[in-house]
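Accompanying notes for the structure given below.
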């Protein structure tokens with residue numbers, strides 16, 4: 001199984017604050033993410049390939 005990235009790790013990779021990644025998630029503008037559970041406040045993680053696809057899609 002591949003290792004999933006935290007919001008903080010994604011922020012570091014992208015050179016932005018974790019709050020920016022959270023804001024993108026809220027607006028559905030950032031990398032695709034997965035929720036680890038069905039509750040509203042379930043942890044969120046990112047697949048490395050989804051983060052790379054987001055990077056590649058930037059102008």
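Ordering 2-14, 28-40 by mean Cβ neighbour count within 10 Å, with the highest value first, yields 2-14, 28-40.
Derived from the Cα gyration tensor, the three semi-axes of the equivalent ellipsoid of the range 7-57 are 17, 12, 10 Å, largest first.
Taking the longest Cα principal axis of the chain as reference, the axis of helix 48-57 is set at about 40 degrees.
Each reported figure results from applying straightforward, stated rules to the coordinates on display, with no laboratory input. It should be emphasised that the depicted structure is a prediction, and the values quoted were computed from it without experimental measurement. Backbone-built Cβ (ideal geometry, glycine too); neighbour counts: all protein chains shown.
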